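Reading through the structure tokens given below for one structure.
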Amino acid sequence: MTPSWPAKIVAACAALLLSTFPVTAQLRDGGIAPGNLGKGVWVFSMMDATNKVGGHITSVTNENSLMLFYKSQGLRYFIVKAATNDKLFGDCYPGPQFTSNLVNIAHTNGIWIFGYNRSYGSNIVGEVSIANYVFNQGADGFVFDAEAEWESGVTHPWITNASAQAWQLCSTVRSNWPNKFLAHAPFPIIYFHTSFPYKEFGFWCDAVMPQIYHFNPINWPGLRSSPSATINWSDANWAFWQNSLAALAPSNINGLTVYWTNSIKPIIPLQDVYGNAVSGGIICEGAASAVYPDEDVLEFIDYSAADPNAQTVGGYQGANFWRTDTIGTNQWANTRGGTIGKFPSIVNNLVLDDAKAAISGAWNFVLTFNVTNRTAPGFIGFTGSDTNSFGTNYYFKAQGGGTAYLQFTPNILIPGAYDVFQWHPYVTNASAGTPFVITHSAGTNTIFANQQTNSGNWSLLGRFNFAGGTNGNIRVTDNFSDAGNVAVVDGIKLVYVTTEIILDNTNAEVSYNGSWSSASSSTDKFQSDYRFASSSLGGTFTATYRPLIVNPGYYDVFLWYPQGGNRATNAPWLVSYLGAGTNVLVNQQTNGGSWKLIAAARPFPAGTNSFVQLSNDAGPSVVLADAVRFSFVAPLVPPSFQSIARQTDGRIQLVIAGTPGFPFWLERATNLANWLPLTNLLNPSGTTIFTDGSATNSSGGFYRARQ
């Protein structure tokens with residue numbers, strides 16, 4: 001299919017000679033990069049997930065609206081319970097919960113879907129059949145939720161040889177599905193679970209998702225329920241285990257020489273998230289018995305992304321959360337606010353722990369948690385109250401003349417406006433005016449932060465414009481005015497400021513076709529008035545909201561309308577964006593008087609070609625046009641080459657990522673001047689794999705992608 005918009009070069013040339021392609025990390029089917037998953041969530045019960053996400057999100061009433069909500073939170077995948085041991089899981093459904101229909105709905109919305117099995121190891125053949133079933137439904141991946149049942153002991157008599165049984169299970173599933181994504185989700189503290197077959201699961205899986213359940217005061221009392229501390233204790237255990245593998249001699253298993261260092265795979269931290277139970281929200285499974293602090297979610301994401309001791313090369317590039325229906329409204333907001341992973345369409349938060357700061361002068365270093373000891377972590381601290389540090393340490397200093405400082409220098413990849421935050425633990429004599437000197441593209445500002453309030457959380461310092469590169473910085477100095485107190489330095493975060501456009505019904509960007517009336521009687525209207533038109537099946541009246549998009553990118557689209565009993569229950573809205581459109585029927589008798597999401601993360605090009613339009617082709621009574629909001633999510637990034645490799649038969653395989661659902665042309669040349677069309681690719685999922693057979697007779701060449 002040829003693109004309908006003007007062709008333009010949107011990707012740099014892949015100027016790579018065919019004989020010198022670089023070796024790249026292995027991608028699984030669907031373009032899944034195991035070491036770069038981003039954010040995801042677990043689903044125990046789809047019935048509870050689609051019931052307003054456990055009662056917390058009113059817009060979610062079915063599978064499709066759940067996918068839209070997931071995208072609005074920046075989630076790239078979700079993990080659904082498919083089975084327990086050797087039995088398919090049905091929950092409240094008369095048949096299996098994991099189906100091809102659910103997979104198709106996820107894929108239509110550009111979301112990866114993985115099935116998981118609570119693995120016991122008592123019936124290996126049966127569990128292999130479960131994995132086969134999940135992949136035959138079209139799943140993108142499979143997760144072994146393997147826990148205590150795999151440990152030897154009198155309560156688990158079926159585990160006679162955990163290593164051999166795990167090898168049989170995982171190797172068979174891998175043999176059946178050699179190109180599919182596999183992961184396992186074990187306990188994170190390895191020394192507690194020495195009989196668990198970590199290395200066998202790790203050898204055959206692509207990633208590991210350790211269950212870092214931070215709010216565990218009984219089993220982990222020394223860590224004070226700190227997300228940062230529990231991540232670091234997990235780090236200490238995985239570091240010890242990974243190092244131990246190098247000392248193991250190779251094994252010969254069924255004729256295969258096994259080097260156990262190949263069991264080291266990317267770590268995707270998994271967090272427990274439990275919010276307030278909503279009456280009627282959980283209808284199939286038990287609600288959470290505890291409520292965890294809302295900000296713990298954001299700390300978990302931020303510290304996973306910033307962790308200086310991450311046991312995955314390049315740092316952690318993914319995190320996921322258990323479970324979707326127990327995550328409270330504010331916890332969802334914190335989930336959305338965090339970023340992790342490297343993706344062309346996302347401007348990541350820049351999170352810097354104090355280990356990233358340059359130090360001048362005599363600052364006092366405080367280690368809040370001893371987590372280097374994998375068997376006996378514990379609180380150390382300094383004041384007895386500073387357990388809520390970001391990470392496991394911080395700095396402080398008494399009043400001085402201003403020459404002593406800690407300086408954070410972020411590397412700005414996307415220039416623009418950023419909100420700058422600081423984090424400090426609870427220190428009883430913290431200064432009420434710690435100076436933060438912020439150097440940005442327009443000059444320098446000094447912000448005096450009151451560190452006697454809002455400890456253990458991000459505190460906003462202000463919004464500043466930063467140019468690309470490392471010319472800007474945030475410096476914390478010691479020249480504060482309240483002598484006897486101390487300046488505290490812990491963490492810094494920069495959050496890219498997104499663009500928002502609101503079009504009221506009276507704006508010049510809104511046009512009307514047909515007979516529309518103005519009214520103002522509804523009290524839940526947006527600003528002073530709204531427009532309405534009589535509905536009629538086959539009606540041709542339209543109200544069109546056409547924004548001027550200055551910053552092209554992905555936008556969430558929201559409606560505002562006053563609800564009422566005489567409104568249409570099926571008001572038809574069309575969201576037209578880059579190369580496609582989404583039709584949404586809105587019940588205007590309910591959920592009025594606030595912003596209602598109707599399309600999440602849709603790509604809008606610069607200019608006025610995109611629009612949102614309401615028609616009166618509905619019934620009964622009237623349709624209402626009041627206001628539309630376009631909220632910037634992330635910039636568009638053009639098609640880019642993820643990997644390029646020569647096959648054994650001489651063909652060239654290319655993996656290309658771009659905006660999901662928008663096609664692009666692939667061209668090839670023997671020099672950088674004469675480009676010839678090779679093919680056009682539809683790119684439905686955002687990642688396309690193409691094999692060039694014509695390259696077998698070429699000694700060298702170049703590729704480029706364009707839209």
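Details
- Top positive-direction residue, dipole computed over segment 465-542 with Cβ charges, set THR542, SER522, SER481: THR542
- Note on ALA358 and SER244: the model spin-label points, each 7 Å out from Cα along the C-beta direction, lie 4.2 nm apart.
- Total formal charge among the other residues, if their Cβ is under 12 angstrom from that of ALA288, Lys/Arg +1 and Asp/Glu -1: -3
- Placing unit charges on the Cβ atoms only, positive for Lys and Arg and negative for Asp and Glu, gives segment 231-356 a dipole magnitude near 520 debye about its Cα centre.
- Per residue, segment 72-117 exposes 33 Å² of accessible surface when a 1.4 Å probe is rolled over the protein heavy atoms with every protein chain present.
- Ranked packing of 633-640, 465-472, most packed first, by mean Cβ within 10 Å: 633-640, 465-472
- For the peptides 417-423, 162-168, the ranking by mean Cβ contacts within 10 Å, running from highest to lowest, is 417-423, 162-168.
- Burial order of peptide ranges 258-266, 109-117 (average beta-carbon count within 10 Å, highest first): 109-117, 258-266
- Cβ charges +1 (Lys, Arg) and -1 (Asp, Glu), total dipole of the chain, debye: 1360
- Surface exposure of segment 147-214, expressed per residue as accessible area with a 1.4 Å probe, stands at 34 Å².
- Amide H to amide H, with H built 1.01 Å from N, PHE144 comes under 5 Å of ALA183, HIS184, ALA185, counting only residues 5 or more places away or on other chains.
- 222 nm mean residue ellipticity, helices alone, for the chain (DSSP H n ≥ 4; -39,500 (n - 2.57); rounded to 500): -4500 deg cm²/dmol
- Just the protein heavy atoms count here, and of the accessible area of the chain at 1.4 Å, carbon and sulfur take up 51 percent.
- Exceedance of the 19 Å cut-off in Cα-Cα distance is limited, within the set LYS265/LYS356; LYS356/LYS493; LYS81/LYS596, to LYS265/LYS356; LYS81/LYS596.
- Here the spin labels are modelled as points 7 Å beyond Cα on the Cα-Cβ line, and at ALA508 and THR540 they lie 2.9 nm apart.
- Nearby aspartates and glutamates by direct alpha-carbon distance to LYS52 (threshold 14 angstrom, same-chain neighbours under 8 apart not counted): GLU63, ASP325
- Per residue, segment 413-530 exposes an accessible area of 44 Å² to a 1.4 Å probe, with every protein chain left in place.
- Note on exposure: LEU27, LEU256, LEU413 ranked by accessible area (1.4 Å probe, complete protein assembly) read LEU413, LEU256, LEU27, with the most exposed listed first.
- Cα-based reach from LYS87 at 19 Å (exclusive), listing lysines while leaving out same-chain residues under 8 positions away: none
The values are calculated or read from the model by the stated rules, or taken from the named source; none is laboratory data. Everything numeric in this text was worked out from a predicted model, so none of it was measured. Virtual Cβ from ideal backbone geometry, glycine too; neighbours counted across all protein chains shown. Accessible surface is based on the protein model in full, side chains and every heavy atom, while ligands, DNA and RNA are left aside. Shrake-Rupley method; radii C 1.70, N 1.55, O 1.52, S 1.80 Å.
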